[in-house]
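Each remark here refers to the structure printed beneath this line.
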Amino acid sequence: MRVLVVEDEERLADAVAHGLRLHAIAVDVAYDGQEALEMASYVDYDVVVLDRDLPGVHGDDVCRRLRAGGEGRRVLMLTAAGQLRDKVDGLALGADDYLVKPFAFAELVARVRALARRSARAAAPLLERGGIALDPARRTVARDGRPVSLNRKEFDVLRVLLSADGALVTSGELRRSVWDEHAEPGTGALRVTITSLRKKLGLPAAIMNVPGKGYRL
């Protein structure tokens, strides 16, 4: 799962991002509406946590433009305005959910995960190749009918590789899809995740390493 947090109060934005990362969610942060639109133009986020009262490009306009693009990503709108009329207006703009500040962080995490599940169901019902079957909605994996238990990063890496349908996926593409911009690219996290994923999938080896380029199924 990859989330974009859009909030002009930098301390709040960074705190929300940090908290979501502790729940194994990849998070990028934008501090204004224009930056958010630029980031969303080249990253396929599952959920956008969007402050409504943004300077420059207002949160309402960001929501409209995300919806006009036709993307399947979900929008959770945050605002200090908690009147019924405000909630109705926000949902009418195309937001999928609405959370009033201040909020309980556990509720934010639960809502983000629920929206991500809805996004996954809309994206692809089942991904299969070489006896490997991945269900994005149920977040289950099986190989030749045998259930395979994966952690979140392993699952997301496998999902990206299966979506490529045998084509090469560069290491950079995998890092951008599964990890966020906050992650250190030199930590070897991708290599460690691939190694663990290979072991869990078993033999014959399902993931091929193309030296200096990336990986493919």
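The values are calculated or read from the model by the stated rules, or taken from the named source; none is laboratory data. Please read these numbers as outputs of a predicted model, since none were measured by experiment. With ideal geometry, Cβ positions are generated from the backbone for all residues, glycine too; neighbour counts draw on all protein chains shown. The area values use the complete protein model at the heavy-atom level, side chains included, leaving out ligands, DNA and RNA. Shrake-Rupley method; radii C 1.70, N 1.55, O 1.52, S 1.80 Å.
Restricting to region 141-152, count the residues that are out of contact with any Phe, Trp or Tyr (no Cβ under 9 Å at 6 or more places or on another chain) and either among the polar types (S, T, N, Q) or closer than 18 Å to Met1 by Cβ (or both).
4
Of everything in region 116-138 that's assigned to a strand (DSSP E or B) and either at pLDDT below 80 or not charged (D, E, K, R) (or both), which residue is surrounded by the fewest Cβ atoms within 10 Å (Cβ to Cβ)?
Ala133
What are the residues in region 153-166 that are in contact (Cβ under 8 Å) with a residue 60 or more places away in the chain and open to solvent by 20 Å² or more (accessible area, probe 1.4 Å), if any?
Lys153
Going by the conditions given, is Ala142 surrounded by 13 or more Cβ atoms within 10 Å (Cβ to Cβ), at pLDDT below 90 and aliphatic (A, V, I, L, M)?
No.
Looking for whichever is modelled with pLDDT of 90 or more, part of a loop (DSSP other than H, G, I, E, B), in contact with a helix residue (DSSP H, G or I) (Cβ under 9 Å, 6 or more places away or on another chain) and open to solvent by less than 60 Å² (accessible area, probe 1.4 Å) here; the options are Leu197, Leu150. Which one fits?
Every option except Leu150 fails the conditions.
Can you find, within region 5-24, the residue that is most open to solvent (accessible area, probe 1.4 Å) among those that are aliphatic (A, V, I, L, M) and closer than 25 Å to Asp135 by Cβ?
Among those residues, the one meeting the criterion is Ala24.
So if I check each of Glu71, Glu107, which one is within 28 Å of Phe155 (Cα to Cα), open to solvent by 50 Å² or more (accessible area, probe 1.4 Å), at pLDDT below 90 and among the charged types (D, E, K, R)?
Glu71
If Ala30 satisfies every condition in (1) at pLDDT 90 or above; (2) of a type outside the set (Asp, Glu); (3) surrounded by fewer than 21 Cβ atoms within 10 Å (Cβ to Cβ) but one, which is the exception?
(3)
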